1. Rounded, prolate or oblate for the chain? Axes are the square roots of the Cα gyration tensor eigenvalues, ordered a ≥ b ≥ c, and the cut-off for rounded is a/c under 1.5.
2. Nearest 10 degrees is fine. How inclined is helix 80-98 to the longest principal axis of the chain, computing both from alpha carbons?
3. Output the 0 to 90 degree angle, nearest 10, between the alpha-carbon long axis of helix 8-18 and the longest principal axis computed from the alpha carbons of the chain.
4. Go ahead and set up a Gaussian network model of the chain, Cα springs under 10 Å, then flag whichever of D74, D57, D41 fluctuates most.
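Throughout, read-outs are computed from the coordinates displayed, never taken from laboratory work. This is a predicted model, so every value here is computed, not measured.
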Amino acid sequence: MLYHVDDREQATAELHRVTAPGGRCVVVTNGADVSSAAFDDVQVIRPQAGPTASITDASIAADYVATTTDNYADETSRPWSDVVDEVRTAVHHEIDTIGSFALTGDTGAFICR
């Protein structure tokens, strides 16, 4: 899960280092891209349609965000509980406006040579 790595450039350089000459490194991850500076050729394969789910209870999204405290709280100066409350409010507004909140994924396989 490269999105959990602090220094993606260093991580991809290490992946490149341990990939045999002429070999391939396949990375499956969430997110729009993988740093490709270390590899000469990166092919991205994405599903035709990303997975989606709809929720009608804002606490589901807020409770999930609350579980990510250790990963992301240090990236903001705001108390994490304020971030969770803001997510709950925004998702609740979306549910009130259109009846549900869509959860989508951004997955892909990156074949690096």
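1. Oblate.
2. 70
3. 40
4. Comparing D74, D57, D41 in the GNM, the peak value goes to D74.
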